[in-house]
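Take a look at the structure set out below.
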């Protein structure tokens, strides 16, 4: 997920709350992440099983080796330390392009291979990738305070390569919050309540895929499983086709949208993907819609 918004609108706070709504780790997941932290020499109190999902937030000046892993003895990097948890990159556009492009393989393959003269090391890297960035160089587009031209905005957003953007499921604009209005609202859904909905949806998925080896949730569906479990009616297919042609979505993006639609239906305990699920997930691509409105003279 990529969040785009003004400074101070709550992007980092949202990212920090994500581990609190994820299901608790299984014993197998706890052992996996404990092994990684053990070989990195980062186990808390020396010898303790890690039971909380990791949340890693490296600074934008982090080196390629720090993010992916490396060194003389090929130690795990941030992508492996975030295994079964969240990797949060704040100020995404400030990371070097070379460092960001190195994330392509770990995001896709859920593992990272580091080759050295003395051998090749493979570490798991099955993390939830969360990123945040300002909408433009000054940070205030589209409010009345912004002073950037369309060309400057597109050039700034162009620091993130197309292949990386292609691998991001959700691009969402985060609006500034009025503190005084927020103070007056008492009805707020807590992390515990959201986690219950997530656990219920995850249980539905585990039952659905019990006969599929190695598949526990919608994110792990292959292309063949998408065709089996993400059947659309005519109106939903027509809408998805129209939007895909309008913004030039690749097959990978369409597959991601189908997984999101299946999850949206699961959260409401619906057996089939409905038109409103497709309408909902198409609203998760705010950056595509925003970029299409930019005027640039070629």
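The values are calculated or read from the model by the stated rules, or taken from the named source; none is laboratory data. This structure is a prediction, so every number in the text was calculated from the model and none was measured. All Cβ positions, glycine included, derive from the backbone under ideal geometry; neighbour counts span all protein chains shown.
Take residue 155 and decide whether it is touching a helix residue (DSSP H, G or I) at 6+ places or on another chain (Cβ under 9 Å), at pLDDT 85 or above and either in a loop (DSSP other than H, G, I, E, B) or in the same structural domain as residue 109 (by TED's automatic domain parsing) (or both). Give the derivation first.
Working: touching a helix residue (DSSP H, G or I) at 6+ places or on another chain (Cβ under 9 Å): no; at pLDDT 85 or above: yes; either in a loop (DSSP other than H, G, I, E, B) or in the same structural domain as residue 109 (by TED's automatic domain parsing) (or both): yes.
No, not satisfied.
Please give the number of the condition residue 72 fails out of (1) within 18 Å of residue 94 (Cα to Cα); (2) surrounded by fewer than 12 Cβ atoms within 10 Å (Cβ to Cβ).
(1)
Which of the residues that make up the stretch 60-105 are closer than 27 Å to residue 23 by Cα and touching a residue at least 60 places away in the same chain (Cβ under 8 Å)?
Listed by number, the residues that qualify are 85, 86, 88, 90, 92, 103, 104.
Out of everything in the stretch 74-94 that is in contact with a strand residue (DSSP E or B) (Cβ under 8 Å, 6 or more places away or on another chain) and part of a loop (DSSP other than H, G, I, E, B), what residue ends up being nearest to residue 161 (Cα to Cα)?
91
Please go through the stretch 259-276 and pick out each residue that is free of Cβ contacts under 8 Å to residues at least 60 places away in the same chain and within 18 Å of residue 202 (Cβ to Cβ).
Filtering the stretch 259-276 down to residues free of Cβ contacts under 8 Å to residues at least 60 places away in the same chain leaves 261-262, 264-265, 268, 270-276.
Answer for the stretch 259-276, where residues must be free of Cβ contacts under 8 Å to residues at least 60 places away in the same chain and within 18 Å of residue 202 (Cβ to Cβ): 261, 262, 264, 265, 268, 270, 271, 273.
For the stretch 227-254, how many residues meet the condition of being under 19 Å from residue 279 (Cβ atoms) and surrounded by fewer than 17 Cβ atoms within 10 Å (Cβ to Cβ)? Break it down into steps so the answer makes sense when it comes.
Taking the stretch 227-254 first, the residues under 19 Å from residue 279 (Cβ atoms) are 230-247, 249, 253-254.
Still in the list and also surrounded by fewer than 17 Cβ atoms within 10 Å (Cβ to Cβ): 231, 233-235, 237-239, 241-242, 244-247, 254.
Count: 14.
Say we look at the stretch 215-242 and pick out the residues that are in contact (Cβ under 8 Å) with a residue 40 or more places away in the chain and in a helix (DSSP H, G or I); which of these is farthest from the chain's Cα centre (by Cα)? Give the steps one after another, and end with the answer.
The initial filter retains those residues of the stretch 215-242 that are in contact (Cβ under 8 Å) with a residue 40 or more places away in the chain, namely 218-219, 221, 230-233, 235-236, 239-240.
Okay, now just the ones that are also in a helix (DSSP H, G or I), so 218-219, 235-236, 239-240.
On the way: 218: 14, 219: 11, 235: 28, 236: 24, 239: 24, 240: 21 Å.
Here the answer is 235.
Of the residues that make up the stretch 95-106, is at least one at positive phi and either outside any strand (DSSP E or B) or loosely packed, with under 13 Cβ neighbours inside 10 Å (or both)? Write out each step before concluding.
Of the residues in the stretch 95-106, the ones at positive phi are none.
No, the stretch 95-106 contains no residue that is at positive phi and either outside any strand (DSSP E or B) or loosely packed, with under 13 Cβ neighbours inside 10 Å (or both).
Let's see how each residue does on (1) part of a loop (DSSP other than H, G, I, E, B); (2) closer than 21 Å to residue 254 by Cα; (3) at pLDDT below 85:
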{"residue": "164", "(1), (2), (3)": "no, yes, no"}
{"residue": "183", "(1), (2), (3)": "no, no, yes"}
{"residue": "188", "(1), (2), (3)": "yes, no, yes"}
{"residue": "203", "(1), (2), (3)": "no, no, no"}
{"residue": "213", "(1), (2), (3)": "yes, no, no"}
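Can you tell me how many residues within the stretch 79-94 are surrounded by fewer than 22 Cβ atoms within 10 Å (Cβ to Cβ) and touching a helix residue (DSSP H, G or I) at 6+ places or on another chain (Cβ under 7 Å)?
Result for the stretch 79-94: 4.
For the stretch 1-39, enumerate the residues that are assigned to a helix (DSSP H, G or I) and either in contact with a strand residue (DSSP E or B) (Cβ under 6 Å, 6 or more places away or on another chain) or touching a residue at least 60 places away in the same chain (Cβ under 8 Å) (or both). Spell out how you get there, then give the answer.
Applying the first criterion (assigned to a helix (DSSP H, G or I)) to the stretch 1-39 yields 11-21, 27-39.
Scanning the stretch 1-39 gives 11, 12, 14, 15, 16, 17, 18, 19, 20, 21, 32, 36.
In the stretch 108-139, how many are touching a residue at least 40 places away in the same chain (Cβ under 8 Å), surrounded by fewer than 19 Cβ atoms within 10 Å (Cβ to Cβ) and outside any strand (DSSP E or B)?
Number satisfying all stated conditions: 2.
Given the residues 107, 130, which is the only one that is touching a helix residue (DSSP H, G or I) at 6+ places or on another chain (Cβ under 6 Å) and closer than 22 Å to residue 15 by Cβ?
On the way: 107 fails: touching a helix residue (DSSP H, G or I) at 6+ places or on another chain (Cβ under 6 Å).
None of the other options fit; the residue is 130.
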